[in-house]
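The values are calculated or read from the model by the stated rules, or taken from the named source; none is laboratory data. Please read all numbers here as calculations on a predicted model, not as lab measurements. Here the Cβ positions follow ideal geometry from the backbone for every residue, glycine too, while neighbour counts run over all protein chains shown. Surface areas here come from the heavy atoms of the whole protein model, side chains and all, with no ligands, DNA or RNA. Shrake-Rupley method; radii C 1.70, N 1.55, O 1.52, S 1.80 Å.
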Amino acid sequence: MKYEILYQPSYSLAVVHLDKGEQIMAESGAMVSMSPTIKLEAKVSGGGFFGAVKSAVGGESIFRTTFRAEDGPGELTLAPAAVGDIAAVNLQGSRFFVQPGSYLAGDSGFNISVQGSLRGMLSGEGLFLLTVEGTGLLLLTSFGAIHSKELAPGEEYLVDTGHIVAFEAGIDYHLEKASGKSQGVGGFLKGMVQSAMSGEGFVCRYRGPGRIYIQTRQLAGFANQLIPFLPRPSN
């Protein structure tokens, strides 16, 4: 399987070249165009009803589509729904955590599950994480450009939860308020006030070694910027 990514970072398009018999699994609605030699089949995410429910609650599509080059080699183009970037990661029997909405496509042999995260519940952003495990091509997508950061052993780094795209499963991580840890009720309230005043809520503290992928914009923040310009109903 060969691929190229065009028009980065704002209007990225993934062009995937499949030899006969090769296949790739993509999010529902990701297909832009394809050769007539390619056939598609939609399947329920997670392999069944409960898996689909977890996917829906986690912000993922209930269905994923498998594209297979049956009648000969062919070309498939994929793109995210929102304006943004695409990054390719080659997994070698490894495991990745992916934020809901950041999975675009991947090898059909990947084991994909939805992991509920108490850490995510506390943040209010990304209640669940996709766990992608196996060998093959993984295509990630973002709102804005994708910035990758390699952490050295023991190196710590803070990322706003709304800007997380994906990270290697071997990285240690936990959520905390952007204002830092607090002691007692008074410290907790002070920390919440500081977080509110700064416009930053929860961050994820990572500890290397490993690589993390960050998006330079977040869709929720962009949507808030548009609210003052939306028409309002008259009395």
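Some observations on this one:
- Filter pass, residue 137 being at pLDDT below 95, in contact with a Phe, Trp or Tyr (Cβ under 9 Å, 6 or more places away or on another chain) and part of a strand (DSSP E or B): no
- Output for the stretch 18-33, where each listed residue is open to solvent by 70 Å² or more (accessible area, probe 1.4 Å) and assigned to a strand (DSSP E or B): 31, 32
- Just so you know, in the stretch 197-235 the residues that are part of a loop (DSSP other than H, G, I, E, B) and buried (at least 16 other Cβ atoms within 10 Å of the Cβ) include one that is modelled with the highest pLDDT, and it is 208.
- Candidates 86, 62, filtered to the one that is at pLDDT below 95, under 16 Å from the mean Cα position of the chain (by Cα) and not charged (D, E, K, R): 62
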